[in-house]
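Everything on this sheet refers to the single structure shown next.
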Amino acid sequence: MVKRLLKGISYLCLHHYRKILLIFFVVLGIAFVLTGRIRFDPNFLKLFPTERGPIKLYMENLQEAGTFDLLFVLLENEKGGDPQPLIDSEERFLNI
């Protein structure tokens with residue numbers, strides 16, 4: 001079954017190579033036209049839900065700051081946990 005399929009493909013490639021090239025270039029042209037019409041929005045933040053939660057807070061702070069030059073980092077701790085490891089990791093992060 002596989003040998004027969006491969007023999008058929010080899011026969012087409014050897015005897016009808018012009019048609020294969022023509023079909024290839026037609027399909028390539030159609031793909032080029034179809035993908036050339038796609039537009040990408042560079043604002044990736046529109047992908048996140050901004051109605052509630054940490055993303056809403058981030059978006060509000062970002063609009064208030066008015067720039068992407070700032071980096072916001074959210075550190076969460078367990079309830080009743082020791083805050084000192086978070087403070088240490090924050091200081092290490094700022095010193096990078």
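For region 1-58, filtering for residues that are under 30 Å from Val73 (Cβ atoms) and either at pLDDT 90 or above or in a helix (DSSP H, G or I) (or both) leaves 9.
Close Cβ contacts (under 7 Å, 6 or more residues apart or on different chains) running from residues in region 13-29 that are on the phi < 0 side of the Ramachandran plot to residues that are β-branched (Val, Ile, Thr) and in a helix (DSSP H, G or I) comprise Cys13/Ile20.
The values are calculated or read from the model by the stated rules, or taken from the named source; none is laboratory data. Here the structure is a predicted model, which means the values were calculated and not measured. In this analysis, Cβ positions are derived from the backbone assuming ideal geometry, glycine residues included, and neighbour counts consider all displayed protein chains.
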